[in-house]
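The values are calculated or read from the model by the stated rules, or taken from the named source; none is laboratory data. Bear in mind the structure is a predicted one, so any value in this text is a computation, not a measurement. Reconstructed Cβ throughout: ideal geometry from the backbone, glycine too, with neighbour counts over all protein chains shown.
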C-alpha cells in the first residue's frame with residue numbers, strides 16, 4: 001500500500017523540480033529584444049552580512065540600476081559567498097567580480113600604505129578620522145591601488161572607515 005502512494009508523490013516531486021529548473025534557466029537567460037542593449041551583470045562582494053557594508057551596497061545597487069535605466073544589474077554576494085577576502089580582492093583585480101567592499105587594511109597586500117587608515121580608530125573620540133576623510137588626504141589615497149587594477153571609489157565611515165574596490 002505504501003508503494004502505491006510513494007510513486008505518485010515521486011512523480012509529482014520530479015515534475016515540480018523540473019518546472020523549477022526550467023524556470024531558473026528562463027530567469028538566468030532572458031530573451032531580449034533585438035534593439036535592446038545587453039544587460040550587464042555587476043557582481044559585488046563583501047565578507048559582512050546584515051551590517052552597514054551590506055546596507056551601503058544595497059543603496060549603491062538601487063542607485064546604479066536606477067541611473068543606468070536597468071542596463072546594469074548589480075548582484076550582492078554577502079557573507080563571503082564569493083570567497084575569502086583576499087580571494088575577492090584578487091577576483092576584482094582579475095575582473096571576475098566587479099566590486100568588493102571592506103576596510104582598507106585588507107588591501108595591504110596590494111600596497112602597505114592602505115594600513116594607515118587604521119590609525120584613525122586609535123583614541124577616543126577618533127582624532128584622525130577627519131584627516132582621512134579630508135579630500136587632501138582621500139584623493140591621493142584612493143588612487144593608490146590604480147596601478148594594480150584596483151580603483152577605490154570612495155571613502156566612507158560609520159564605525160570604521162570603509163572602501164569599495166572596483167575593477168576598471
_Given (1) buried (at least 16 other Cβ atoms within 10 Å of the Cβ); (2) at pLDDT 90 or above; (3) assigned to a helix (DSSP H, G or I), number of the condition residue 86 does not satisfy_ = (1)
*Output yes when any residue across region 62-78 is in a loop (DSSP other than H, G, I, E, B) and touching a strand residue (DSSP E or B) at 6+ places or on another chain (Cβ under 7 Å), and no when none is.*
yes
_One residue from 17, 41 being at pLDDT below 50 and either farther than 24 Å from residue 142 by Cβ or touching a strand residue (DSSP E or B) at 6+ places or on another chain (Cβ under 7 Å) (or both)_ = 17
*Do we have any residue at all in region 94-103 that's surrounded by fewer than 17 Cβ atoms within 10 Å (Cβ to Cβ), modelled with pLDDT of 85 or more and assigned to a loop (DSSP other than H, G, I, E, B)?*
yes
